[in-house]
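Derivation of every value follows stated rules applied to the coordinates shown; laboratory data play no part. All values reported here derive from a predicted model rather than from experimental measurement. A quick note on method: Cβ atoms are made from the backbone with ideal geometry, for glycine too, and the neighbour counts reach across all protein chains shown.
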Amino acid sequence: MSEWYLDFVDFNYKPSKDDLICLFRIEPAKGFSIKEAAYRVASESSVGTWTKLHYLPKRIKDLMAKVFEIKGNYVKVAYPIKLFEPGNMPQILSSIAGNIFGMKALNNLRLEDVHCPKKLMKSFKGPQFGISGIRKMFKVYDRPLTATVPKPKVGLTAKKEAKVAYQAWTGGIDLEKSDENLASMSFNKFEERIKLLVKMRDKAEKETGEKKSFLPNVSAETKEMLKRAKFVADNGGEYVMVDILTVGWGAVQTLRNTCEDLKLAIHGHRASHASMTRKKHGISMNTIAKIARIIGIDQLHTGTANIGKLESGEEETKKINLFLRSKFYTLKTVFPVASGGLHPGLIPDIIKNLDKDIIIQCGGGLWGHKMGGVAGAKAIRQAIDASIQKINLEDYSKSHVELRTALNQWGSTRPK
């Protein structure tokens, strides 16, 4: 091993309050020890290279990352704050989650967690509304909020989507959501969809006496995304939805700044996350959730704790949700969203495992209901009401035909 790499380790080092600290899980390649692999990670992610440099000013040495703890395959690295540009998440991640993933000394590398110092955190805005702001918007404080994606999630015309959104709203759903791959297609243009949704939302609000809203997917090239966000605001919308990973963190930051001016809440979809979070190699969902909160997402998909159809471990999902709801410097909280394969029969497990400070999103578990969309929405609200009152669903369904039908149809089956 090059003696240069040894300069990036100090097991006696005590991180300062201004250090950024990363927790990595490292599996070295054949022929490398965990220490040799760890030193290379610290080197490549800060100021190092593969060989010793002849000229190295002291100022550069002060910028070196330090491996200060190794426990099994878990490695902690401290980075001096001067390595990072304040308010620039792409630059920060290009450092701590960049070239290191391609190093030959590693079979697998996973960024498990990041601790950002207060001094760096001050350069980010965090959520604009948070859980309390969203609850205030809907005047709903004692139950989970609800959302739905019309199914099929792509293919409906703008007119048809607005119609089914109206059905969901009048059945008791709070939020209608465009899915991650619905943008502005020939069969469903963005502008037409927004105008029709606003019209149906207003009608549903008058009929139900409840606040209703929708989550339009604005994900696109950045300038187009901002244009769409403004269109939503100009037409009376309260939200935008964005695919935080596929549009990129820089675009998410730009959208956050624009949405503050437009007074729009941001719903974060995690489409593509499993390409990096489900493996031994990549970035954990815990880290992604932390970055999303720092930048300023108000609502974020975090999983169902393996209750629904998508893989998301119970322990990890609970940890992420707890973080999003807990005090984190001065940043507001984030509303966790449970989605993917949920239906009324699973709602007691969702609330028991993930608490009521959550948004429960049902797609097929609403639109697949044998009595139709309105009944599907009612069944979801009935399941929530029963769960909050701690009444068994079977007992509650005796006087609620929509829930009874859903239970006969799906029971408490967990989709695969």
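Let's see if you can work this out: charge +1 on each Lys and Arg Cβ, -1 on each Asp and Glu Cβ, no other charges. What is the dipole magnitude of the range 289-416 about its Cα centre, in debye to the nearest 20?
Numbers: 18 positive and 12 negative charges, 32 e Å.
Here the range 289-416 has a charge dipole of around 160 debye.
If we count every other residue with Cβ under 13 angstrom of G340's Cβ, Lys/Arg +1 and Asp/Glu -1, where does the sum land?
Its environment carries a net charge of +4.
With Cβ to Cβ distances under 15 Å as the rule, what net charge do the other residues near F129 carry (K, R +1; D, E -1)?
+4
Helix-only mean residue ellipticity at 222 nm, the chain, DSSP H runs n ≥ 4 weighted -39,500 (n - 2.57), per residue, nearest 500. What is it?
That calculation yields -11500 deg cm²/dmol at 222 nm.
FRET efficiency for T208 and N99, Cβ-Cβ distance as r, R0 = 51 Å, nearest 0.05?
For T208 and N99, the calculated efficiency is 0.45.
Could you derive backbone 3J(HN,Hα) for the range 164-177 from the dihedral phi with the Karplus parameters 6.51, -1.76 and 1.60 (θ = phi - 60°), listing whole Hz in sequence and x where the residue is Gly or Pro?
Whole-Hz 3J(HN,Hα) from phi for the range 164-177: 6, 4, 4, 4, 5, 4, 6, x, x, 6, 8, 10, 9, 10.
If amide H atoms are built 1.01 Å from N in the plane of the peptide, which residues on other chains or at least 5 residues away come under 5 Å of the amide H of A265?
Close amide H contacts, sequence-distant or interchain: Y239, V240.
Sorted by packing (mean other beta-carbon atoms within 10 Å per residue), highest first, where do 59-65, 346-352 land? Numbers along the way, then the final one.
On the way: 59-65: 14.4, 346-352: 21.1.
Put in order of decreasing packing, that is 346-352, 59-65.
For N108, list long-range residues whose amide hydrogen, built 1.01 Å from N in the peptide plane, is under 5 Å from its own amide hydrogen.
Result for N108 returns E27.
Of the peptides 304-310, 405-411, how do they stack up when ordered by the mean number of other Cβ atoms within 10 Å, highest first?
304-310, 405-411
In terms of modelled amide H atoms, which long-range or inter-chain residues lie less than 5 Å from the amide H of G303?
Sorted by chain and number, the residues that satisfy this are V337, S339.
Output the antiparallel fraction of DSSP beta bridges having both residues in the range 130-410, as a percent to the nearest 5. Walk me through the numbers on the way to the answer.
Details: 2 of 24 bridges.
For the range 130-410, the DSSP antiparallel bridge percentage is about 10.
Packing-wise, with mean Cβ within 10 Å as the measure, how do 236-244, 140-148 rank, highest first?
Taking the mean over residues of other Cβ atoms within 10 Å, the ranking is 236-244, 140-148.
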